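Trainee: Let me begin by handing over the structure; questions about it come next.
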Amino acid sequence: QSLPPPLFHAPTARFPDLLSPTLLAALAALRGPIGTGPGDGDAAQSAPGDGGAALRGLVREEMPGVYSFEMFQEHFCEKMIAELENFEESGLPLRRPNSMNNYGVLVNEMGMSGFMTRLQEEITQPISSVLFPVQGEWLDHHHSFSVRYTAGEDLGLDMHSDDSDVTFNTCLGKPGFTAAGLTFCGIMGRPDHRLFKHRYVHAAGRCVVHLGRQRHGADDISEGTRVNLIMWNKSQAFRASTLSNPPYQQEEAEPSEQCLSYTHDRDFGRHKEMTSKQRQHARGWCPPKGFEFQG
């Protein structure tokens, strides 16, 4: 049985009660006030806006193509974690979010599909259209899930890219976790794909947004538990275009050690020693033969 429904009930969920006030103000400047129900924001979408100026002023550019901003209020993070834990303890059928995370929940399958679709339509779509106008102009479906990292379970996540056009990754907590960040490298298929770019440190309520093709990995957590809510936003229009599958380019340098993937890189063993556990997950293909650095 789910917890009391008003927070997540799609027709009545009030985003002004859940989202950061600074984010709401920036989105109101872009499209008009965010409504309290599915139809309330529709008229505002045709209203003249600021072209995204307030939103660009709000987000923090972590590196080119990676941005962060305050997303959810603290009480939403707490109640969302409680709902996730309640679902996991319910005994209901549970599918894990993907092939790499062993601990997490497909939130679309726990009665939150409508809520997450509203979140995409009213929040992640307008943000994506400003920050990533090519990939994010016409988002039309999503894969939304939680992940959990803690001692004795998943500690982190190997380097990878997402089956997403634009990824929104929001840290929910829990309070007390330490040394839990994301390491970012280049964009898949570009010459700097496997070169280190930036280390982002999570904070509860804060969202980091990036292209799905941006290579990244979750650093090992050293203390506490971290739960994140992730939305892989997808666009059929973008995926049907030639821009979605650019030609793979030759690597320009030896890969950075922290950007290597034991799961995906066929030359991982040439750069780092592979453990027996890592060998169990290895299915290397990257980079395609002939596209690795030739120096």
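The values are calculated or read from the model by the stated rules, or taken from the named source; none is laboratory data. Everything numeric here is computed off the predicted structure, so don't read it as measured data. Note that we place each Cβ from the backbone using ideal geometry, even for glycine, and neighbour counts take in every protein chain shown. Heads up: the accessible areas ignore ligands, DNA and RNA and are worked out on the full protein's heavy atoms, side chains in. Shrake-Rupley method; radii C 1.70, N 1.55, O 1.52, S 1.80 Å.
Trainee: Of all residues in the range 174-224 being modelled with pLDDT under 95 and among the aliphatic types (A, V, I, L, M), which is most open to solvent (accessible area, probe 1.4 Å)?
Mentor: Step by step, filter the range 174-224, then rank; the result is Val201.
So that you can scan it fast, the table gives a plain yes or no per residue for (1) of a type in the set (Lys, Arg); (2) at pLDDT below 85:
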site: Phe8; (1), (2): no, yes
site: Pro21; (1), (2): no, no
site: Ala29; (1), (2): no, no
site: Arg56; (1), (2): yes, no
site: Tyr67; (1), (2): no, no
site: Phe72; (1), (2): no, no
site: Glu85; (1), (2): no, no
site: Ser90; (1), (2): no, yes
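Trainee: For the structure I just gave you, tell me whether Arg239 is surrounded by fewer than 16 Cβ atoms within 10 Å (Cβ to Cβ) and at pLDDT 90 or above. Working first, answer last.
Mentor: Numbers: surrounded by fewer than 16 Cβ atoms within 10 Å (Cβ to Cβ): yes; at pLDDT 90 or above: yes.
So Arg239 fits the description; yes.
Trainee: If you check Gly152 against the conditions, is it surrounded by fewer than 17 Cβ atoms within 10 Å (Cβ to Cβ) and at pLDDT below 95?
Mentor: Yes; evaluated as a whole, the condition is true for this residue.
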